[in-house]
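Written out below as structure tokens is the structure these notes cover.
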Amino acid sequence: MKVQAVRLHAANDLRLDEFELPEITDDEILVKVVSDTICMSTYKCAILGTKHKRVHEDVAEHPAIMGHEFAGDIVKVGKNHQDKFKPGMKFTLQPALNYKGTMWSPGYSYEFFGGDATYCIIPAEVMELGCLLEYKGKAYYEASLAEPLSCSIGAMNAAYHTKMGVYHHEMGIKKGGKLAIMAGAGPMGLGALTYALHRDVTPGMVVVTDINQDRLDRAAELFPPEEVKKETGIELHFINTGKVDDPVKYLRDLTGGKGYDDVLCYAPVAPVVEQSSAILGRDGCLNFFAGPTDPNFSAKMNFYDVHYNSTHVMGTTGGNTADMIESLELTAAKRINPAVMITHLGGLDTAAETTLNLPKIPGGKKLIYTHLRMPLVALTDLRARGQELNDDRYIALADIVDAHKGLWCPEAEEYLLANFIDE
């Protein structure tokens, strides 16, 4: 069948291709992709090409479909999987396969498997590993965002703490402790925040830092500290570290000088990493979450504190399948709202350009509907776009979004799929 997909041909070479998708084997599943959210990891893959650890050396001959945060409908099931999966089922998946020691992953490594496509083929290893998940919710974008949310879930689940004289790690962020999310007013930081506030084991204080005041203001609108305190009992602060003379002292003073039990660092920037290290309290756990593109990236860490205060550093690059399932369950229960991460939407025709320019585009997650042809548009610009084009559909979308505190929502997606896509 003829399909369209954004594929990687070489470093900085993404193309919207039309090509023939082969027939599935008995061990494969054909799916229709509906939504994909663009990840900063995809940008890194696009600019690095074969220098990226997940990209094959022969990508020029066998281009890889981009996108790994996707959801859609199962179309056809190979006979080996017909006992579990049926045509018409909605799906999402855990892309961190780690299959037989390889780093292969959809969105990086496969010629016919990825999210920036109208249709794709899910290979046997995905089902073998239990990474294809039935999605029973209403909105496809929520299933797409289960993967990036699972990364922050994994980061908090992977945190650990110690006891003096005991060689046993207590896993997870500290209950009732102090959590700092550094460079955290972007989409991944907001995802971490919504999870931290509503997970089963919560901190007593959360501090979110950034140097972009607009992003901090939006975060404060989405999570008003007074309301958060009233609802959860958690003390929440948003701090612009670019506006204080001594960020480390300021942040430590918020804790009474004791420092933070858990710190998530969301920027591969040496000063941010060093601030993250410096604000750790006794037995503080630093998760360096943001993957750098420079293989020689380094920053200072206080090893006096490592020795005498048991501070420690770790890094996670994604969640596992259990984290994905937790994300989907919390979303379905309306305990978390992944839409706080979304600021733009567009069609498949804009996915390549958006990916290659991702760091230059302000805001949060860019949501792509793969059967839609639409230039990238910010949710805040929907009304102006409708007036400019004299297109009432955009204005109707703006009305829906405005009625949901400026957030994308299932009603908006339902309207979009019913009125913007002509197939």
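Suppose R0 equals 30 Å; then what is the FRET efficiency for Glu388 and Asn357 from their Cβ-Cβ distance, rounded to the nearest 0.05? Display every interim value, and only then the final one.
Details: r = 22 Å, r/R0 = 0.72.
Calculated transfer efficiency: 0.90.
Between Arg373 and Ala403, what FRET efficiency follows from the Cβ-Cβ distance if R0 is 22 Å, with the result rounded to 0.05? Show your work: numbers first, answer last.
Values: r = 26 Å, r/R0 = 1.19.
In this case the efficiency is close to 0.25.
Anyone know which of Leu286, Leu376, Leu21 comes out most mobile in the 10 Å Cα GNM of the chain?
Comparing Leu286, Leu376, Leu21 in a Gaussian network model of the chain, the most mobile one is Leu21.
At 0.36 nm per residue, minus the direct Cα-Cα distance, what do Glu18 and Lys300 gain on full extension? Give it in nm, one decimal, please.
Details: separation 282, 0.36 × 282 = 101.52 nm, distance 4.78 nm.
Difference between extended and current length: 96.7 nm.
Can you give me the long-range amide H partners of Tyr119? Hydrogens built in the peptide plane at 1.01 Å from N, cutoff under 5 Å, separation of 5 or more residues or another chain.
Close amide H contacts, sequence-distant or interchain: Gln4, Val33.
Can you classify region 28-180 as rounded, prolate or oblate using the Cα gyration tensor, where a ≥ b ≥ c are the square roots of its eigenvalues, rounded means a/c under 1.5, and otherwise it's prolate if a/b beats b/c and oblate if not? Don't skip to the answer; put the middle values down first.
On the way: a/c = 1.96, a/b = 1.48, b/c = 1.32.
Note, shape of region 28-180 comes out prolate.
Please give me, ordered by residue number, the trypsin sites (Lys or Arg not before Pro) of region 137-221 that lie in loop per DSSP and have at most 16 other Cβ atoms within 10 Å.
Listed in order of number, the matching sites are Lys138, Lys175.
Please list, in chain and number order, the residues 5+ apart from Ile342 or on another chain whose amide H is under 5 Å from its amide H, with Hs placed from the backbone.
For Ile342, whose amide H was placed from the backbone, the distant partners under 5 Å are Lys365.
What order, most packed first, do the peptides 392-399, 292-299, 264-271 have when packing is the mean number of other Cβ atoms within 10 Å of each residue? All intermediate terms of the calculation are to be shown ahead of the outcome.
Values: 392-399: 17.8, 292-299: 11.0, 264-271: 20.5.
Result, highest mean Cβ count within 10 Å first: 264-271, 392-399, 292-299.
Shape call for region 74-154 from the C-alpha gyration tensor, a ≥ b ≥ c root eigenvalues: rounded (a/c under 1.5), prolate (a/b greater than b/c) or oblate? If you can, show how the numbers build up before the last one.
Numbers: a/c = 1.45, a/b = 1.06, b/c = 1.37.
Here region 74-154 falls in the rounded category.
Between rounded, prolate and oblate, where does region 143-262 land on the alpha carbon gyration tensor, with a ≥ b ≥ c its root eigenvalues, rounded for a/c under 1.5, else prolate if a/b exceeds b/c? Please report the intermediate quantities before stating the final value.
Numbers: a/c = 1.67, a/b = 1.18, b/c = 1.42.
Here region 143-262 falls in the oblate category.
So which of Lys44/Lys365; Lys100/Lys366; Lys243/Lys300 end up more than 26 Å apart by C-alpha?
Details: Lys44/Lys365 15 Å; Lys100/Lys366 32 Å; Lys243/Lys300 23 Å.
Result: Lys100/Lys366 exceed 26 Å.
Could you state the number of Å between the C-alpha centres of region 131-185 and region 322-342?
11 Å
Taking the Cα atoms of region 250-348 alone, what are Rg (to one decimal) and Dmax (as a whole number) in Å?
16.9, 53
So which of Lys229/Lys334; Lys53/Lys136; Lys86/Lys136; Lys53/Lys174; Lys32/Lys86 end up more than 22 Å apart by C-alpha? Write down the numbers at each step before the final one.
Working: Lys229/Lys334 19 Å; Lys53/Lys136 33 Å; Lys86/Lys136 13 Å; Lys53/Lys174 33 Å; Lys32/Lys86 13 Å.
Flagged as over cut-off: Lys53/Lys136; Lys53/Lys174.
What list of ³J(HN,Hα) couplings, whole Hz, do you get for region 234-240 from phi and the Karplus terms 6.51, -1.76, 1.60, once you set θ to phi - 60° and write x for glycine and proline?
For region 234-240, the Karplus-derived couplings read 8, 7, 10, 10, 10, 10, 8 Hz, x marking Gly and Pro.
Can you work out D for region 291-383 in µm² s⁻¹ from Stokes-Einstein, where Rh is the Kirkwood radius over C-alpha pairs, the temperature is 20 °C and the viscosity is 1.002 mPa s? Mind dumping the intermediate values first?
Details: Rh = 17.2 Å.
The calculation lands on 125 µm²/s.
Starting from 0.36 nm per residue, how many nanometres of slack lie between Met164 and His237 once their C-alpha separation is accounted for?
Numbers: separation 73, 0.36 × 73 = 26.28 nm, distance 3.08 nm.
Contour length minus Cα-Cα distance gives 23.2 nm.
Roughly how many Å² is the accessible area per residue of region 34-164, as a whole number, for a 1.4 Å probe? Before the final figure, lay out each step's value.
On the way: 4830 Å² over 131 residues.
For region 34-164, the solvent-accessible area averages 37 Å² per residue.
Rg to Rh ratio, region 23-101, alpha-carbon atoms and Kirkwood radius? Spell out each step's value before the answer.
Details: Rg = 14.7 Å, Rh = 14.5 Å.
That ratio is 1.01, to two decimals.
Please list, in order along region 17-25, the HN-Hα scalar couplings obtained from phi with the Karplus expression 6.51 cos²θ - 1.76 cosθ + 1.60 (θ = phi - 60°), rounded to whole Hz, x for Gly and Pro.
For region 17-25, the Karplus-derived couplings read 9, 10, 7, 8, 8, x, 5, 6, 8 Hz, x marking Gly and Pro.
Order these peptides, 317-323, 222-228, 352-358, 207-213, by their mean beta-carbon neighbour count within 10 angstrom, highest first. All intermediate terms of the calculation are to be shown ahead of the outcome.
Numbers: 317-323: 19.4, 222-228: 13.9, 352-358: 17.9, 207-213: 21.1.
Highest-to-lowest ranking by the protection proxy: 207-213, 317-323, 352-358, 222-228.
Just how far, in whole angstrom, is region 259-321 from region 37-102 if you go by their alpha carbon centroids?
29 Å
How long is the gain from Met1 to Arg335 if the chain were fully straight, where each residue apart is worth 0.36 nm and the alpha carbon distance is subtracted? Present the calculation step by step, with values, prior to reporting the outcome.
Values: separation 334, 0.36 × 334 = 120.24 nm, distance 4.03 nm.
So the chain would gain 116.2 nm between Met1 and Arg335.
Can you list the HN-Hα couplings for region 100-115, worked out from phi with the Karplus curve (6.51, -1.76, 1.60; θ = phi - 60°), rounded to whole Hz and with x for Gly and Pro?
6, x, 8, 9, 4, 7, x, x, 9, 10, 10, 6, 10, 9, x, x
The values are calculated or read from the model by the stated rules, or taken from the named source; none is laboratory data. Because the structure is a prediction, the values reported are computed rather than measured. Glycine gets a Cβ as well: all are built from the backbone with ideal geometry, and neighbour counts include every protein chain shown. Accessible surface is based on the protein model in full, side chains and every heavy atom, while ligands, DNA and RNA are left aside. Shrake-Rupley method; radii C 1.70, N 1.55, O 1.52, S 1.80 Å.
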